Amino acid sequence: MATILNDEEIRKLFGKVIVDGDISCIRPNSYVLRLGGPGEFLNSGKDFSLGTKKKGLRIQPGNSVAVTAFETLDFRRETVHQIYPEHDLHGFVSPTTDLSREGIVAPTTQVDAGYHGTLNWTLTNNSSEERRFVFKERIFRLTIFKLAKGETPGQIYEGEYQNQVGYVRSQRKGAPVGMREDEWENSLVEGGPEALLDNLMKSGYPWHALGQRLKIIDQQFKSITGEYAEIRDTLDKITNEVDLIRKEYRDIANKISDTVRTTIADQVLVLQNRWLIGVGAIFAALVGLVLSITGNEKIFQFLQQNGAWIGVVMVLLGIITLIVISKRKGPPGIRT
């Protein structure tokens, strides 16, 4: 059964299977391949070479770049048998998680038994920011399987990329020459903006370069539009929360207003009751006093002789009684 090589086994491959390797790139069960020198910006077809004058590359949003691994892999049977007799090696290559965290889309691939050369990949920047990579930066993780005796292939790799070092363009055979335009199927809608842009790019120089530039601008505009939509959604959410707070505030204000109005009405009613009770008490006292005086001849004569100062005293008593009643905090007989 195939087994995954650990760090100790990977160290045995240095100098033979892994050429130009770095010990610091070894992980518990994998080796991290580094960014090599040659490559190509696929959006413009511009070649580049890192490691001498240029120390790194920048990938704009929506752009793709083809890159090369710094290390050379030698999975040829004669090389592997020097370390593992009667075994072959097979590799599985995947991008590091740092790439996906930054919005970089990169493919996974496999290294067949018998392959010899450097590996090439494509990095596509799907984020809204420029991404930068420096020469010999760790970007791809290589997991190596040691194939058991019964798992080794009868025909090892002998493809078009065998023994190729550096950046190698795609060797895929294109479509046969002479196919008519109406024999191709695509996603363009006749008369739509994408179809018009495609026709512009087919018109030759300088319209081809202009069409490519417009296509890049369209990709960047779509990216900005997506960011604007996220901002708008956030603003809508904040607006809804503010409206909810305003509604709660209005409800609280209405409750306070109702409470104040109810309290004032209650206090007015209490004051009215106080005054009515006070006036009623004074009136009853006066009526009783008048009845007592008119029914007693001596008292009547006394009042006739001393009515002036007795009237003043009665007025003062009435005023004092009203003042005492008005200062009470609740209806008579009740303390609040």
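The values are calculated or read from the model by the stated rules, or taken from the named source; none is laboratory data. Computed from a prediction, not measured in an experiment: that's the story for all the values here. In this analysis, Cβ positions are derived from the backbone assuming ideal geometry, glycine residues included, and neighbour counts consider all displayed protein chains.
Taken together, Leu89, Leu73 contain a single residue that is buried (at least 17 other Cβ atoms within 10 Å of the Cβ), at pLDDT 95 or above, touching a helix residue (DSSP H, G or I) at 6+ places or on another chain (Cβ under 9 Å) and part of a strand (DSSP E or B), which is Leu89. Only one entry of Glu71, Glu78 meets the criterion of being closer than 23 Å to Asp20 by Cα, assigned by TED's automatic domain parsing to the domain that holds Lys12 and touching a residue at least 40 places away in the same chain (Cβ under 8 Å), and that entry is Glu71.
Which numbered condition in (1) modelled with pLDDT of 70 or more; (2) hydrophobic (A, V, I, L, M, F, W, C); (3) in contact with a Lys or Arg (Cβ under 7 Å, 6 or more places away or on another chain) is the only one that Ala148 fails? Unmet for Ala148, out of (1) modelled with pLDDT of 70 or more; (2) hydrophobic (A, V, I, L, M, F, W, C); (3) in contact with a Lys or Arg (Cβ under 7 Å, 6 or more places away or on another chain): (3).
Return a yes/no flag: does segment 151-169 have any residue that is within 41 Å of the chain's Cα centre (by Cα), of a type in the set (A, V, I, L, M) and surrounded by 19 or more Cβ atoms within 10 Å (Cβ to Cβ).
no
One residue stands out among those in segment 132-155 that are in a strand (DSSP E or B) and of a type in the set (A, V, I, L, M): the one that is farthest from Asp112 (Cα to Cα), which is Val134. A search for C-beta distances below 8 Å between a residue of segment 270-293 that is under 15 Å from Ile320 (Cα atoms) and charged (D, E, K, R) and any residue that is modelled with pLDDT under 70 and assigned to a helix (DSSP H, G or I), counting only pairs 6+ apart in sequence or on different chains, returns Arg274/Ile325; Arg274/Ser326.
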